[in-house]
Every structure is written in structure tokens, then in C-alpha cells.
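What follows is a short report on a single structure.
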């Protein structure tokens, strides 16, 4: 018998979790109806109730847009893209920091029937080049500040790609003015697009076990499904605004929008629920505290390092949380002591909800809840969201496990990705024959159906909410003239969660120092891939008879 854990029909059935596991076939499944609509239709379905409410505010400039302005400007952008001669399924790259115009660009591009690839604006030109080539990018949206980096990237790649610049400073020569596009186009233009729900709409990058980025294809069906799963009454952390209730959730957008957590939960889910979103271009402690003071958020989405900052910074006051209803965290579990410490600091037991997801599942598969008895378990990742299935198997073999047995987590549901773009080998490794997604994470579920992560079958290092592949850094460091052999592992870090650390075998008679190796890497990678965990010199890298690096031994040496 296959031991599957599925979600439930009603909140009350969730309370009897142990009987569900023991007699799972006797219980009906908790499924939800997923409407047959496209992403932009889903976002705008409540526009008549939200049109005059503020949708987006820039924390840096106070620049803002109402929902009606956002709708009109998105349509104007879609019309521009149509006039530009783009074709259905062409890819547009968004290389922007968190700002209100990110939403206009995203929704306008989707409305035009095009694909969006969201690219980290902080990665080096070489990495940007690989991503725009892989995704067949035809147009780029960016800021004046990033223009010189992109010009360098395009020159390196011998590509001729138009650049649309969001005007924050004087425009560079040859750039298309973003504001001119929005002013000159018709917001009421309607498109006759031949689309279907399985068309790819988002291409987001997720590091792979081979050490190279993989492009995750997410469809209209994936995104609309996940938005409705997030919005189910048992698990939704946001309240819906409408024209009859003055209340509106206030949600700071501090996590990057090129990341699935930011673009799905913060931006699209926030807009669907009618929230006021406060965008923060670059996270700093000062800026985040200013947002808490000036906007008094009602819901905050964090990763553990920001959570720990809230605990340890003396500027953070009880009054900053006077309107906070929910705090949502992901990427790494929080212990009971940390949760209690924050409760003490804010003067009340604000809901702290932990969740789990992957880029490959459109951001979310599990979440904790206050709707269900014992729905918040410290250290856990929560319960399955609606219309989602999970099973635990012995590593690499088709033997399913029962409650409280640790194994590899597999997932299935409408939010599971279409696949990796142009990477059939990776697709074969990511799915079982019957289309279960192999997460590579180890964990178990308890007698109440709560899931817990115990480790990672994959070798990825999780730095904050980012993933770093050891093989990628090893390939880079191996090219250093003084390095004979190299291995990289993740080591615990009080702020980052994990940090990359390099174990280096120096070439004979080399006088290279740890600092020089760290600087060599620092000059070539984005900040979260840097060797914050340090560099240690050793005589040899421990390996198995087949040549595989024994990373556990290295971690024990750290």
C-alpha cells in the first residue's frame, strides 16, 4: 500500500489527523476548484472593488499607484509590446530591483501573451548573459543604474536586444523610456491571443545539483492554481480587501521579486488579495525599520536572518508591530525559543507561520495555520495546501514510508512546474514515471500530518533564501593557479543560515592565503555565493572509492 498524505475536506477533519493517516482511504480529499483563467484575469477579477485603493508604494520615493492605475499602465505596456512586433511566447527579461514598476512590467508582459524571465540584477554579467541566452530573451526592462552592466553583458554575448529603461535618472543613449511607453499607448486595447492554460508564463532560475542554473517553466495553470491554494480559508495569511470594507492589508516587499517567494507570495498573491504593497529596492536594517515605523504593516514575510535581526536590533520596538497579524517565514525552520523571544519583544503572541516550497512547485506546498488545532508546530513546515499530495520514500527507491519515518519528500499537484526549459536530462531526474516531483529534501510527517525537514539529499547550500551549488564554486576555484584540489560545503552561520566554506589543497610550494582565495571568488560571484564560511587548507580532499567527495567528513572538520 502506498502511504500518501493528502489535504483535507474541512478544517474539522484536520483535527483528527492521526485517524486520517491510519485510515487514509476512508477520508475524502481536500481539493479546491481551480478556475480556468489566465494570470492577469485572476489578478484583476476584483478590480471593480479595488480600483481606488493603493496597490504599490515605493519605500524610497513614496511613488505610488492605485489598482486602476496599475491596470491601465499594464495594458498600455502590453499594447506597446504588441506594436513592437513581439510574437506569442517571446521572452522578456525583467532585471529590476523591487519597485512598483516591476508589477507593471510583469503584468503588462503577461497580458501581451509573452513569457517573463525574472533575473537577479546583482549577478555578474557572465551569469546574466547565460540566462538571457538560455531563455531566448527578446527585450529587457531595467533601470538607468543597471544599464551599463547590461550593455557590457550584451556586448560580451554579441547580442542586439532592445532595452527599456525605468527612468530614475537621465536616460542612456539608445534606451527606450518606460514612462513614454505608458503615456502614449491605449490602456483599453484588447488582444486576440491564441493561448491555453499550459502556456509558459514565467521562467525562474533555480540552482541544480550539477552546479549550473536551471530554468523552471511555470504556466498559467501553475500560477493560478498556487494563488488559489494560498488563498484557501484554512491557510491564507492575508485578508481580502474590497469596496465595502475600508480595511486593507499592508505588506512590505523586502524579499527579491526575481525569487519565486517574492514574485508569487508577495507580489501576485498580495495584488490578488487587494493589499497595499510597500516595495523596498535594497534591504538594509535601517530601511526595513523605517518601513515598520512609517507604514505599520499587518503581515510580514521574512527569512530567518531578518527574523533574527528583529530580535537583536534595539531600534525595533513593540509599537512597530501594533498592527501585525501574521509573520510568515520560510527557507529554514525557527525554533520555539526564537518565536517566544519575539513574542516577548512585541508584547503579544503574534501568529508566526512557517512554510515550505520550491521554485519547482510555484513557491508553496506546505504551510502552518492558525485555523486548525495544533496548526503551529515549532520546527515544522506545516500541512499540505489544498489539492496537493506528498509521499515519503526511501532514498532513490520506490518504497513508501509511513508516519515518523525519515525519507525523501515527493510532491504532486497542479502547482508543480511544467519542467526545466531546454533541459530534458534534468526533467528525467526531477520526476518519477508517474509524475511525482522529486524534491531532494529529506523529512517526515508526524501523526498529525505535519511535515518536518531533516536534511537535504541535494548538496545545495541554502544562504538566506538563495541556493548555492558547491559544484559551481568548485569549478571556479579550481581554475585558480595555486589550487590543486577543492571542495565546498555549507557550514552553519548565525545570520545567513548556511555559508559556503572552501577546503583547498594548495599546489606544491604555493604561498596562497585564505584571504586571496576569498577575494578571488568575491570578484567573480554574487554576494550570497561568496566564501563567508572561510577557507581552510588541507592535505587532501576525502573521497569515496568512486571519487565522490565525502562532504560530511568536511563538515565535521569545520
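Miscellaneous remarks
- Every residue from the range 505-534 that is closer than 15 Å to residue 461 by Cβ and buried (at least 17 other Cβ atoms within 10 Å of the Cβ): 521, 525, 528, 529, 530, 531, 532, 533
- The one condition in (1) farther than 28 Å from residue 257 by Cα; (2) assigned to a strand (DSSP E or B) that residue 520 fails to fulfil: (2)
- Identity of the residue in the range 376-397, without any contact (Cβ under 8 Å) to a residue 40 or more places away in the chain and assigned to a loop (DSSP other than H, G, I, E, B), that ends up surrounded by the most Cβ atoms within 10 Å (Cβ to Cβ): 376
- Per-region count, the range 418-442, residues out of contact with any helix residue (DSSP H, G or I) (no Cβ under 7 Å at 6 or more places or on another chain), part of a strand (DSSP E or B) and at negative phi: 4
- Residues being part of a loop (DSSP other than H, G, I, E, B) and under 26 Å from the mean Cα position of the chain (by Cα) - total across the range 487-517: 3
- Residues that are free of Cβ contacts under 8 Å to residues at least 12 places away in the same chain and farther than 16 Å from residue 66 by Cα, drawn from the range 244-273: 245
- In the range 451-486, of all residues being assigned to a loop (DSSP other than H, G, I, E, B) and within 22 Å of the chain's Cα centre (by Cα), the one that is nearest to residue 405 (Cα to Cα) corresponds to 457.
- From the options 344, 349, 340, residue that is closer than 25 Å to residue 323 by Cα, modelled with pLDDT under 90 and part of a helix (DSSP H, G or I): 340
The values are calculated or read from the model by the stated rules, or taken from the named source; none is laboratory data. The structure displayed is predicted, hence computed values, not measured ones. All Cβ positions, glycine included, derive from the backbone under ideal geometry; neighbour counts span all protein chains shown.
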